[in-house]
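The values are calculated or read from the model by the stated rules, or taken from the named source; none is laboratory data. Computed from a prediction, not measured in an experiment: that's the story for all the values here. Backbone-built Cβ (ideal geometry, glycine too); neighbour counts: all protein chains shown.
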Amino acid sequence: MAYSFDALILGGGAAGLMCAIEAGKRGRRVAVIERADRLGKKILISGGGRCNFTNIHCWPENFLSSNPHFARSALARYTPADFIALVEKHGIPYHEKTLGQLFCDRSARDILQMLETECRRAGVRIFLNTRIDAVVKQNEFLAQAGNVEFTAPALVVATGGLSIPKIGATAFGYDLARQFGLAIRQPRPGLVPLVLNADDCSRYCDLAGVSAEVSAWCGGQSFREKMLITHRGLSGPAILQISSYWEKPQTISIDLVPGSEVTAAFRNPKAARNLSALRTELRKYLPLRFADCWLETNTPGSWTNHALAEFEKHIHSWPVSPAGTEGFEKAEVTAGGVDTDELSDKTMESRKVPGLYFIGEVVDVTGHLGGFNFQWAWASGAAAGRAI
Ligand SMILES: Cc1cc2nc3c(=O)[nH]c(=O)nc-3n(C[C@H](O)[C@H](O)[C@H](O)COP(=O)(O)OP(=O)(O)OC[C@H]3O[C@@H](n4cnc5c(N)ncnc54)[C@H](O)[C@@H]3O)c2cc1C
């Protein structure tokens with residue numbers, strides 16, 4: 001069987017669907033080709049099932065890329081306000097959870113249904129259970145799925161990154177980019193829990209489930225949010241955020257009591273200086289079990305001003321050298337990807353191969369935690385959808 005369209009969009013996730021809607025609205029005959037049995041599986045599991053679909057404080061600084069300016073243009077031309085207008089047009093109830101993060105009140109299904117409805121209205125053809133095995137470019141692009149052939153003058157790759165292979169993530173997009181001679185920035189897990197080295201794990205992993213507000217620093221970036229201790233290491237928003245900046249063998253510095261001085265009380269000459277007094281102070285700032293464990297493993301060598309200052313310094317800059325990350329199985333995104341030098345920042349079209357576009361997570365643009373990755377998917381999808 002053979003189909004001919006104006007554009008083929010490989011991948012029916014957030015970026016591919018937005019691209020299809022924008023192109024379809026302009027009268028283009030577009031096909032979304034999705035290998036899974038349904039569209040937008042990642043949308044459905046996102047944000048704990050409520051989809052953190054954008055962030056109202058979205059700036060280029062919220063994205064990592066080897067070219068920090070690349071995302072500016074697309075983000076400016078499709079903003080959180082544009083997506084919110086779409087959500088409101090469909091009467092989807094939503095709320096701001098924290099730090100500008102917008103979530104569905106009911107379910108992520110609302111967002112997927114909205115995109116499916118928009119696709120229908122824009123006349124987009126959807127092909128499910130259709131895995132593209134090979135793509136060649138003759139006069140047009142020819143994409144082969146078993147014995148079905150699709151041809152079009154434009155091909156948009158929206159096949160996502162490597163995170164969560166169990167719901168179907170593959171290296172297809174990177175392989176295709178390589179096939180056409182485009183450079184790739186090494187893909188690596190982002191927004192991912194960290195695994196502690198054996199020493200730190202033996203000291204702290206028994207505290208699994210305990211959390212505290214911390215500041216975590218690495219690579220010139222810092223995030224002040226919650227940290228969670230896990231059975232194998234560290235997680236929670238502060239850690240997920242900093243993980244995107246971390247590469248082995250760097251050290252992450254963690255301030256366990258940001259903005260507070262644990263030993264302030266000891267400036268009073270009448271204050272008793274002993275373990276029990278310090279424990280009382282520390283328990284004001286950290287959960288009890290964490291405070292006690294920290295004291296056990298970091299007992300001051302003496303009770304001099306110098307020793308207390310050292311204790312204070314250490315708790316504000318705990319050096320953590322993770323053994324690694326939990327990998328793509330647990331990573332919310334894939335950092336790295338198709339090198340932005342290869343693409344137009346206005347249209348996402350390849351500079352080398354006219355008609356070939358890359359959008360969404362497969363591109364070397366990675367958002368912070370908090371709705372930024374979807375905003376990139378909408379914005380890059382819209383940029384390509386307006387161009388094809
Ligand atoms: C657990 C989890 C929670 C998340 N929560 C949030 C959140 O709340 N907010 C946020 O902003 N971001 C969140 N993210 C990140 C966000 O989901 C992704 O950044 C976003 O979905 C990327 O969109 P995409 O369209 O580029 O790729 P994807 O959504 O991964 O879509 C790619 C599609 O391509 C299909 N495909 C792959 N290969 C082929 C092929 N050969 N042929 C045809 N089809 C193919 C896949 O089946 C898939 O449907 C979360 C991620 C995870 C894993």
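Numbers for the structure displayed
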{"quantity": "Test: residue in segment 359-378 that is on the phi < 0 side of the Ramachandran plot and over 22 Å from the mean Cα position of the chain (by Cα)", "calculated": "no"}
{"quantity": "Test set (1) out of contact with any strand residue (DSSP E or B) (no Cβ under 9 Å at 6 or more places or on another chain); (2) more than 29 Å from Gly219 (Cα to Cα); (3) more than 10 Å from the ligand (Cβ to nearest atom); (4) not small (Gly, Ala, Ser) - Val30 fails condition number", "calculated": "(1)"}
{"quantity": "Selection count where residues are within 16 Å of the ligand (Cβ to nearest atom) and outside any strand (DSSP E or B), scope segment 291-337", "calculated": "7"}
{"quantity": "Selected residue (only one of Ala307, Ala264, Ala291, Ala271 is at pLDDT below 95, small (Gly, Ala, Ser) and more than 30 Å from Glu61 (Cα to Cα))", "calculated": "Ala271"}
{"quantity": "Failed criterion for Thr340 (all others in (1) near the ligand (Cβ under 10 Å from one of its atoms); (2) surrounded by 22 or more Cβ atoms within 10 Å (Cβ to Cβ) hold)", "calculated": "(1)"}
{"quantity": "Segment 33-52: number of residues that are in contact with a Phe, Trp or Tyr (Cβ under 7 Å, 6 or more places away or on another chain) and more than 7 Å from the ligand (Cβ to nearest atom)", "calculated": "1"}
{"quantity": "Count - residues of segment 6-59 that are in contact (Cβ under 8 Å) with a residue 40 or more places away in the chain and in a helix (DSSP H, G or I)", "calculated": "20"}
{"quantity": "Candidate set: segment 126-145, residues that are closer than 17 Å to Leu17 by Cα and surrounded by fewer than 17 Cβ atoms within 10 Å (Cβ to Cβ); chosen: the one nearest to the ligand (Cβ to nearest atom)", "calculated": "Arg131"}
{"quantity": "Leu191 vs. criteria under 22 Å from Leu295 (Cβ atoms) and within 16 Å of the ligand (Cβ to nearest atom)", "calculated": "no"}
